[in-house]
Amino acid sequence: MLSGVAELVSLLNGWIWSKGMLVLVVGSGLFFSIRLGFFQLVHFRDMWKRIFDKGCSDSGISTFGSFCTTMAARIGTGNVAGVAVAIYMGGPGALFWMWVVGVTNSALAFVECTLGQLYKVKIDGEYRGSGAYCAERGLGWRKYGAFMAVVLMIGAACFMPAAATYTICDGFRNALGVPMWAVAAATAVLLAVIIIGGIKRISQFAVYCVPFMTVAYLLMAAIVLVTHAAEIPAMFVTIVKSAFGMDAAFGGIVGGALLQGIKRGTFSSAAGMGESTPAASAAETSHPVKQGMANAAGVWLDTIIVCTATGFMILLTDCFNVVGGVHVGQGTEEMAALAEAGTNGIIFVQYACRQIVGNFAPLFIAVMLALFSFTCIISYYYEAETSALYLFQGDEKVGIRKTVTWILRIAVVTLVFIFGIVESSLAWDLSDLALGACTWVNVFMLWFLFPKTRALYRDYAEQLKARKDPYYNPDKLSWVGVDKDLWRDINKDRIAAEKATK
């Protein structure tokens, strides 16, 4: 049964992750970057500053809370195990293509999160928004919005948690020998406790957890870099040469480097797939572009910084193998055995850290990865919940929404336990399938709404140039589908102050 499912999932991934995906993701990110004047470079400082904007209310969470919630999804399995898999499949050059896609993907995140803010609505007293709301309210595509909601709901609830859950369980099995089913059960119970509290509790957990786990992980990477400082220049040469097929050892897998860099960079950042839009839409902010800026910075933090930290630890310690025996690491005596067995993933990172801090390393990485992956799963649940509630809008469906929410909670918790005991390859393939499908349907919609993002960005940039704190006035710039009353209420003090000065 499972072998048949694995074959079907692998077949579908072959279609979804074809060359067309490379054009879609990189091409869209590059086009958006050019048309927005490479905002991620021009407004680099402002982009990072927006992370710490205040603005929490009864209806929404703060920009920082939203940022941490979206980063809970971004800084996860893909940043550790995903990078290791990419290097295994594509060699060191995969890291270079991750950097490229990280810069361009920040534009995708900016566009989708800015639009999510623009078209957000208030449901049961909370802000809600996603690609589905953008499609319906921004384009009038009600049926397509429903299709997007179903795809994201199924993907986020049923498939995306697979790799994250498996990685948590595998990490503790490698470090302490704990049975995978036991770790899966504990993960499921903790997940249930947190998601019952809704977006407020999810956000609070993310605010405490995300900064701690990110700083702790980067400190470990810094130790590795300092102890291997002399080898850093040679590592950069290897990365660039293998990315373009100029390295004798890795020249034959340049296509794998390109594909894996884009796939794992996209998986890690979740830019373009609509994964970050629900949490971004839940924020209380004065201008949609502010939230877009914060989320663009999140892609840099995720891909350019955290993924790079993982890659550097693996490459500098030579604790990595490449598929087909192209390269067998000399970092530890176990690398040859791993190569023969075809084992890869988190264990590369654990061995890399063990070179520096000894036998404490596997447990440290297991804990870090557990935090990374668990916050991912929490974020996936919120995305699935937002998509499910989109399908049951209206005051007359309050009871239905409550019932659907509880069904979804039970289903996700149950699936998380199951995913802890499936095969590694199936877990990653399921997550890739969901990621790829969501990316196709979401980016397609972004192209049609992109002109509105440009108009909002120009409005934001003009206010910055005039030395104002940008805010969105729907009476000056708006479109059909925007909840003008909602935005008037958010910025009522600013709008009144502007009128008073005229």
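Per-residue answers, yes or no, for (1) part of a helix (DSSP H, G or I); (2) out of contact with any Cys (no Cβ under 9 Å at 6 or more places or on another chain); (3) under 30 Å from I262 (Cβ atoms):
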residue	(1), (2), (3)
K402	yes, yes, no
I407	yes, yes, no
V412	yes, no, yes
L430	yes, no, yes
M445	yes, no, yes
F450	yes, yes, yes
D459	yes, yes, no
P470	no, yes, no
W479	no, yes, no
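In summary, helices (runs of 4 or more DSSP H) completely within the stretch 1-42 and bearing 2 or more residues that are open to solvent by 80 Å² or more (accessible area, probe 1.4 Å) and on the phi < 0 side of the Ramachandran plot occur at 2-16, 28-35, 39-42.
Just wondering, is there one or more residues in the stretch 285-293 that are in contact (Cβ under 8 Å) with a residue 40 or more places away in the chain, closer than 28 Å to A243 by Cα and touching a Pro at 6+ places or on another chain (Cβ under 9 Å)? No, the stretch 285-293 contains no residue that is in contact (Cβ under 8 Å) with a residue 40 or more places away in the chain, closer than 28 Å to A243 by Cα and touching a Pro at 6+ places or on another chain (Cβ under 9 Å). Residues in the stretch 293-327 that are touching a Ser or Thr at 6+ places or on another chain (Cβ under 7 Å) and outside any helix (DSSP H, G or I): 1 in all. Determine which single condition I378 fails, assuming it passes every other condition in (1) closer than 22 Å to V85 by Cβ; (2) modelled with pLDDT of 80 or more; (3) of a type in the set (A, V, I, L, M); (4) within 19 Å of the chain's Cα centre (by Cα). Only one criterion in (1) closer than 22 Å to V85 by Cβ; (2) modelled with pLDDT of 80 or more; (3) of a type in the set (A, V, I, L, M); (4) within 19 Å of the chain's Cα centre (by Cα) is unmet by I378, namely (1). Scanning the stretch 441-455 for residues that are farther than 20 Å from G37 by Cβ and open to solvent by 40 Å² or more (accessible area, probe 1.4 Å) yields a count of 2.
Scanning the stretch 305-315 turns up no residue that is over 21 Å from W97 (Cβ atoms), of a type in the set (S, T, N, Q) and open to solvent by 10 Å² or more (accessible area, probe 1.4 Å).
So if I check each of V306, V326, which one is farther than 19 Å from N79 by Cβ, in contact (Cβ under 8 Å) with a residue 60 or more places away in the chain and not aromatic (F, W, Y)? Within the list V306, V326, the selection yields V326. Taking the listed residues E383, E396, the one that is acidic (D, E), over 24 Å from the mean Cα position of the chain (by Cα) and part of a helix (DSSP H, G or I) is E396, with no other qualifying. Regarding the stretch 276-286, can at least one residue be identified that is in contact with a Leu (Cβ under 8 Å, 6 or more places away or on another chain), at pLDDT 80 or above, of a type outside the set (S, T, Y) and crowded, with 24+ Cβ neighbours inside 10 Å? Within the stretch 276-286, none of the residues are in contact with a Leu (Cβ under 8 Å, 6 or more places away or on another chain), at pLDDT 80 or above, of a type outside the set (S, T, Y) and crowded, with 24+ Cβ neighbours inside 10 Å. Which number in (1) in contact (Cβ under 8 Å) with a residue 24 or more places away in the chain; (2) part of a helix (DSSP H, G or I) marks the one condition that N344 misses? Single failed check for N344: (2). If Q330 passes every condition in (1) surrounded by fewer than 21 Cβ atoms within 10 Å (Cβ to Cβ); (2) assigned to a helix (DSSP H, G or I) but one, which one does it miss? With (1) surrounded by fewer than 21 Cβ atoms within 10 Å (Cβ to Cβ); (2) assigned to a helix (DSSP H, G or I) applied to Q330, the lone miss is (2). With respect to D53, determine if the residue is at pLDDT below 90, open to solvent by 50 Å² or more (accessible area, probe 1.4 Å) and touching a strand residue (DSSP E or B) at 6+ places or on another chain (Cβ under 9 Å). Judged against the criteria, D53 is not a match. Among the residues making up the stretch 129-145, those that are open to solvent by less than 10 Å² (accessible area, probe 1.4 Å) and either farther than 21 Å from T285 by Cβ or of a type outside the set (A, V, I, L, M) (or both) are G129, S130, G131, Y133, C134, A135, G145. Just wondering, is there one or more residues in the stretch 120-127 that are in contact with a Ser or Thr (Cβ under 9 Å, 6 or more places away or on another chain), part of a helix (DSSP H, G or I) and not acidic (D, E)? No, the conditions are met nowhere in the stretch 120-127.
Residue under question is Y119, and the condition is that it be in contact (Cβ under 8 Å) with a residue 24 or more places away in the chain and crowded, with 24+ Cβ neighbours inside 10 Å; does it hold? Yes, satisfied.
The set of residues in the stretch 345-359 that are farther than 14 Å from G331 by Cα and either at pLDDT 85 or above or crowded, with 21+ Cβ neighbours inside 10 Å (or both) comprises G345, I346. Output the residue which, of all residues in the stretch 154-172 that are within 24 Å of W440 (Cβ to Cβ) and touching a Leu at 6+ places or on another chain (Cβ under 8 Å), is most open to solvent (accessible area, probe 1.4 Å). Once the filter is applied, the top-ranked residue is F159. Taken over the stretch 79-106, the criterion of being aromatic (F, W, Y) and buried (at least 24 other Cβ atoms within 10 Å of the Cβ) is satisfied by Y88, W97.
Please list, ordered by first then second residue, the pairs with beta carbon atoms under 9 Å, 6 or more apart or interchain, first in the stretch 240-263 and assigned to a loop (DSSP other than H, G, I, E, B), second modelled with pLDDT of 75 or more and open to solvent by 50 Å² or more (accessible area, probe 1.4 Å). Matching pairs, first to second residue: M246/V240; D247/V237; D247/V240; D247/K241; A248/K241; A249/V326; F250/K241; F250/V326. Of everything in the stretch 467-479 that is touching a residue at least 60 places away in the same chain (Cβ under 8 Å) and closer than 21 Å to G129 by Cβ, the residue that is surrounded by the most Cβ atoms within 10 Å (Cβ to Cβ) is Y472.
The values are calculated or read from the model by the stated rules, or taken from the named source; none is laboratory data. Keep in mind that what you see is a predicted model, and the values were worked out from it rather than measured. Reconstructed Cβ throughout: ideal geometry from the backbone, glycine too, with neighbour counts over all protein chains shown. These area figures cover heavy atoms from the full protein model, side chains too; ligands, DNA and RNA do not enter into them. Shrake-Rupley method; radii C 1.70, N 1.55, O 1.52, S 1.80 Å.
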